[in-house]
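The values are calculated or read from the model by the stated rules, or taken from the named source; none is laboratory data. Keep in mind it's a predicted model, so treat the numbers as computed, not measured. No Cβ is skipped: glycine too gets one built from the backbone with ideal geometry, and neighbour counts run over all protein chains shown. We work out accessible area using only protein heavy atoms, side chains counted, and drop any ligands, DNA or RNA first. Shrake-Rupley method; radii C 1.70, N 1.55, O 1.52, S 1.80 Å.
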Amino acid sequence: MTQRTIHWFRKGLRLHDNPALLAACENASHLYPVFFLDPHFVKGDNYRVGVNRWRFLLECLRDLDCGLRKLNSRLYVVKGRPQDMLPLLFREWCVTRLTFEVDTEPFARHRDREVEGVAAAHGVEVVTRVSHTLFDVEKTIAKNGGSPPLTYQGFQKLLSKLGLPARPVDTLCKAHLQDCETPVADDHEDRYGVPSLADLGKEETECGPRLYPGGETEAVERMERHLKKTNWICKFEKPQTSPNSLEPSTTVLSPYLKFGCLSARTFYYRLLDVYRLNKVHTQPPVSLHGQLLWREFFYTAALGTSNFDRMKDNPVCVQVQWDSNPQYLAAWKQGRTGYPFIDAIMTQLRQEGWIHHLARHSVACFLTRGDLWLSWEEGQKVFEEYLLDADWSINAGNWMWLSASAFFHQYFRVYSPVAFGKKTDKNGDYIK
């Protein structure tokens with residue numbers, strides 16, 4: 001029996017290593033690649049998305065549509081909640097199957113359960129695949145007795161029992177679509193085209209410099225550029241990179257991993273190829289493999305911990321009586337604390353949407369236990385708004401860590417807002 005399939009893009013905005021997308025093509029006569037512009041995110045009532053990240057997302061969608069066009073397909077951008085719009089599309093397109101990538105965030109899990117109920121009511125088969133993380137996070141937690149490891153060392157020990165991640169699957173190509181069509185009407189661009197920032201009520205003039213273009217094309221090219229630097233990869237130690245160099249001292253692949261423009265599994269195995277050819281190389285947690293495992297660690301901890309993004313009712317989080325000072329918070333957010341290093345970091349964050357991880361450490365420590373004694377939840381909200389790579393699990397996990405609320409409790413180890421920046425920027429070039 002042939003299928004009429006909707007593949008629902010959410011994260012996983014790519015054609016390489018996308019098993020749910022390949023599953024959508026199996027025995028399919030029709031394929032409808034869909035992305036929903038959910039008003040939950042567009043209106044920003046419950047979710048903070050800054051204009052730089054909106055621009056990045058729209059570039060990802062345009063790049064994805066371009067890639068699909070080369071395969072005689074198109075992307076359908078549909079405005080509305082998936083729960084509301086899918087029943088209409090099921091009927092209009094006579095859909096028999098819905099495929100999508102597994103998402104572990106609480107909002108997504110609740111939404112996906114609703115969607116699965118809607119699909120069942122319409123007789124539509126639902127097929128999901130894991131590919132945003134290296135491992136199936138639910139199985140990782142089950143392997144640990146039902147709770148996530150809360151130390152990196154414990155996590156590494158657990159992963160040693162799981163073996164290597166699943167290998168990436170093939171990139172979608174014309175062969176996968178040889179018996180499958182994507183119907184495209186003359187009014188497709190008007191009905192389903194990728195919108196502009198203005199269409200979303202956002203101002204292009206509010207965007208900062210476009211240093212990191214969105215999309216799979218840029219993601220893969222960026223990865224390949226770094227993979228050519230074999231010596232750099234083998235010697236990479238993240239704590240030894242500079243938080244305030246004028247050019248990034250790390251890969252800046254995190255925004256592409258966040259949106260799934262780059263597969264974490266693909267990057268993992270490409271790095272493994274380099275390591276196997278060069279016996280001497282750094283190891284986790286400081287190596288590039290180690291950075292992917294940090295990502296996995298926080299995804300696992302987040303899925304297995306209730307209320308992971310807040311202090312109250314969070315079983316792993318120390319309960320602290322943080323101060324409340326709106327003036328201090330605003331000064332920190334707007335880069336006017338009077339500490340040049342801190343203010344330069346927050347200015348870069350607002351303008352460019354990316355800052356080095358040690359820069360993140362510095363401003364997070366300053367906001368919380370180091371200087372202002374304000375809640376890590378407030379800092380988490382600001383990062384969620386401004387970062388291109390704002391990732392629910394990693395953002396919450398890092399803020400708890402850096403405020404010494406969870407995972408790390410040596411609260412007396414504080415980054416100096418003056419001396420720390422001077423170590424790698426003796427002339428103050430970064431702050432100037």
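Across the stretch 398-432, the qualifying residues are those that are assigned to a helix (DSSP H, G or I), of a type outside the set (Phe, Trp, Tyr) and farther than 20 Å from Gln380 by Cβ, and the one among them that is least open to solvent (accessible area, probe 1.4 Å) is Gly421.
Here Val274 qualifies as of a type in the set (A, V, I, L, M, F, W, C), open to solvent by less than 30 Å² (accessible area, probe 1.4 Å) and part of a helix (DSSP H, G or I). Within the stretch 96-117, can one find any residue that is open to solvent by less than 60 Å² (accessible area, probe 1.4 Å), farther than 28 Å from Lys174 by Cα and touching a strand residue (DSSP E or B) at 6+ places or on another chain (Cβ under 8 Å)? Taking every residue of the stretch 96-117 in turn, at least one turns out to be open to solvent by less than 60 Å² (accessible area, probe 1.4 Å), farther than 28 Å from Lys174 by Cα and touching a strand residue (DSSP E or B) at 6+ places or on another chain (Cβ under 8 Å).
Return yes when Arg350 is open to solvent by 50 Å² or more (accessible area, probe 1.4 Å) and of a type in the set (Lys, Arg) and no when it is not. When the stated conditions are applied, Arg350 passes them.
Here Gly123 passes the criteria (1) out of contact with any Phe, Trp or Tyr (no Cβ under 7 Å at 6 or more places or on another chain); (2) open to solvent by 70 Å² or more (accessible area, probe 1.4 Å); (3) not in a helix (DSSP H, G or I) except the one numbered (2). Taking the criterion of being open to solvent by less than 10 Å² (accessible area, probe 1.4 Å) and within 14 Å of Gln3 (Cα to Cα), the residues of the stretch 13-24 that qualify are Leu21, Ala23, Ala24. In a residue-by-residue description of the stretch 330-348, the property of being over 30 Å from Leu134 (Cβ atoms), within 19 Å of the chain's Cα centre (by Cα) and touching a residue at least 24 places away in the same chain (Cβ under 8 Å) applies to no position. Determine, yes or no, whether Thr133 is open to solvent by less than 20 Å² (accessible area, probe 1.4 Å) and not charged (D, E, K, R). In short, yes. In the stretch 294-328, how many are surrounded by 13 or more Cβ atoms within 10 Å (Cβ to Cβ) and either over 15 Å from Ser403 (Cα atoms) or acidic (Asp, Glu) (or both)? Qualifying residue count for the region: 16.
For the stretch 241-258, how many residues meet the condition of being assigned to a helix (DSSP H, G or I) and touching a Ser or Thr at 6+ places or on another chain (Cβ under 9 Å)?
Within the stretch 241-258, the first condition is being assigned to a helix (DSSP H, G or I), and the residues that meet it are 254-258.
With touching a Ser or Thr at 6+ places or on another chain (Cβ under 9 Å) added as a condition, the list becomes 257.
Matching residues across the stretch 241-258 total 1.
Test Ser393 against the criterion of being more than 20 Å from Ala330 (Cα to Cα), buried (at least 22 other Cβ atoms within 10 Å of the Cβ) and at pLDDT 95 or above, and give yes or no. Answer is yes for this residue.
On inspection, Val382 qualifies as within 19 Å of the chain's Cα centre (by Cα), in contact (Cβ under 8 Å) with a residue 12 or more places away in the chain and under 23 Å from Leu211 (Cα atoms). Just one of the listed residues (Leu31, Leu64) is in contact with a helix residue (DSSP H, G or I) (Cβ under 8 Å, 6 or more places away or on another chain), in a strand (DSSP E or B), closer than 28 Å to Thr217 by Cβ and open to solvent by less than 10 Å² (accessible area, probe 1.4 Å), namely Leu31. Has the stretch 250-269 got at least one residue that is at pLDDT 95 or above and open to solvent by 50 Å² or more (accessible area, probe 1.4 Å)? No; the residues of the stretch 250-269 include none that is at pLDDT 95 or above and open to solvent by 50 Å² or more (accessible area, probe 1.4 Å). Selection over the stretch 170-207 of residues that are over 15 Å from Tyr32 (Cα atoms), among the aliphatic types (A, V, I, L, M) and open to solvent by 50 Å² or more (accessible area, probe 1.4 Å) gives a count of 2. The test for being closer than 15 Å to Gly397 by Cα, in a loop (DSSP other than H, G, I, E, B) and touching a residue at least 60 places away in the same chain (Cβ under 8 Å) does not hold for Val320.
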